[in-house]
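J.: Can you keep this structure in mind? I'll have questions shortly.
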Amino acid sequence: MSRLDTAFYDLGRLDMLAEQDSIIHRLDPRVKVITTLLFIICVISFDKYEVSRLIPFFIFPALLIGIADLPFNYLLRKLILVSPFVLFVGIFNPFLDREVLLHIGSLQVTGGWLSLISILLRFSLTVGAGLLLIATTGFPAICMAIKKLGAPKIFAVLLLMLYRYLFVLIEESIRMIRAYTLRAFSRKKIRYPIFKQLLGTLLLRTLDRAQRIHMAMLSRAFTGDIKISRQFSFRTQEFIYLAGCAALFIFIRFIDISGILGKFIMETGL
Amino acid sequence: MHMADALLSPGIGGVMWAATAATIIYSAHKVQRQLDNRKIPLMGVLGAFVFAAQMINFAIPGTGSSGHIGGGLLLAILLGPHAAFLTLSSVLTVQALFFADGGLLALGCNIFNLGFFPCFISYPFIYKNIVRDKPDPRRLIIGTILAATIGLQLGSLSVVLQTYFSGITALPLFSFLVMMQPIHLAIGLAEGIATAGVISFIWNARPEILDRAMNEQPLGQVPVRNIIIGLLVATVFTGGILAWYASEHPDGLEWSIEKVTGNSEIVSSSPDMHEKLELIQQKTSFLPDYTFKENKSESLNEKDPFGSYTGSTLSGLVGGLLVLASALLIGFVLKKRKQSARYSQN
């Protein structure tokens, strides 16, 4: 029960972060969506055994967290929460792929371990980039950005409405579960016959709510077309941000920074 | 069973994105043409309902685990396939952004796996065929459970294929299938039973809701679907055949050069330049030489003499689908342009 409440307020917190004010927050949302996609494509375009060359990419999330002043621990916790599926698929690699690809002293590293580490690095980078996008931009702004970038308008409107009522309906379902728990004594889980009634009632209430919302919209001159008014401007700083990020990603993608650095250290240090 | 960016190659991710974007644009076009503006708030609120509903779990007797609705099929039953696909896409977009389920590039895969199959396969071909025009409680329950289960099986099969062809994990196709399909059979059954419960509750309480949803579907949609399926089959077919052919003859152009000059390479005046270009091409292409990277390794080819053969056929299919998806996309964008121009004239 308390777990549900926490999950719910956790959702709100990510959105609260987008209310902050920083250079990154002030940028046009379109630029942030594009750079995030560019980043993800660069990260996942490596070979499956690549580990060392993925690491320099962490500079981008690090810079964002730094400049936009975001809570690192909170983002890390969200990251770990969603890792099970990736772990489930990747965990078998060390057992299946036993070809030794790397020798570190007497330690032999097999391809499976390399690819598992690579998967985990990719996961942290890509999911982290997504979380940072929402934490620096906010959901409504992202919806408008994807509309401006060519997504169908109805899709953007749908996302906005869904987001608006998400909190209302989640709160309603939490209330229902709480009411059930209070009346069910020690029974923890909901039995099927009661589940049907709870969910059916929630659905009926939702349908009625949709009707009320529609009537309210009609009385405010809704004609099937929703007007989104928000000023977008592509100024110098957007251009600099985009060009800078693109240059950074391409540089990291094609130049083996870790390798060059490692070589340099080995040669001078030893 | 959300697909994740970390397991995806850019090629597969891009193809799935293109296919999903085309389906979203197509569905948006369909929904907007219905001109029933009651549906817009209904879709938004039902999308939020899917989230809220997934918080309510029921106990599966004897197992200690619990199940909840998946949402795709329920939305398709209440809204019709196109509106349901759009709504589910928005649900998955919110999940990708807020809950970090999957990722932004994998969003294309996820919408396809969890939205396309329930809305465009199991709803029209299974649910509607079983329930027909006159729903009764038994048919509703059987149709819902079957449609949900088969929809999820297809979705999980699709996850397996996308992961396998991306080549990031070392899991062999067969063992991955053996792991994924039975688990998702159980999950799909739980989902189906949950959805059937809600549907039968609604049927008892307010049957007119389901009646209205059933009758709102105009029959004129079938030809379009047939055309798309026909196109898909044609693309897969030609992609497969041509790639097979391409693997026998290195390349159409190279092959003809060989015939003309008796040498497969153009004798270049600056070999350096050629090498550099080839290097760039190898670095930038995600389907180098139309075979998957794994098949290039010697050890694999020894074990499986048909390794490069099947790889080449597969990349042909993927390439063909990519072309089809982009063609569809261009078509719909042009169509939308024209339509909006027409609207603004009026």
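Readers should treat all values here as calculations from the given coordinates under stated rules, not as data from a laboratory. Values in this document were obtained by computation on a predicted structure and should not be read as measured data. All Cβ positions, even for glycine, are placed from backbone atoms using ideal geometry, and neighbour counts span all protein chains on display.
J.: What is the ratio of the Cα radius of gyration of the stretch A:114-270 to 2.2 N^0.38 Å, with N the residue count, to two decimals?
T.: 1.67
J.: Ratio to report: Rg/Rh of chain A, with Cα atoms as the point set and Rh obtained by the Kirkwood method; give two decimals.
T.: Ratio value, two decimals: 1.06.
J.: Next question, about the same structure. Rg/Rh for the stretch A:152-228 to two decimals, with Rh computed the Kirkwood way over all alpha-carbon pairs.
T.: 1.12
J.: Can you run the Rg to Rh ratio on the stretch B:101-216? Use alpha carbon positions and the Kirkwood inverse-distance Rh.
T.: 1.06
J.: Could I ask something else about it? For every helix of n ≥ 4 consecutive DSSP H residues, a contribution of -39,500 (n - 2.57) applies; sum these over chain A, divide by its total residues, and give [θ] at 222 nm rounded to the nearest 500 deg cm²/dmol.
T.: The helix contribution divided over chain A gives -23500 deg cm²/dmol.
J.: Per-residue mean of other chain beta-carbon atoms within 10 angstrom of the beta-carbon, peptide A:38-46?
T.: Mean shielding count: 5.
J.: Stretched out fully, how many nm does the piece from A:L149 to A:N73 gain, at 0.36 nm a residue minus the Cα gap?
T.: 24.1 nm
J.: If you bin every alpha carbon distance in the stretch A:1-153 into 5 Å steps from zero, what whole percent lands in each bin?
T.: 2, 8, 15, 17, 17, 14, 12, 7, 5, 3, 1, 0
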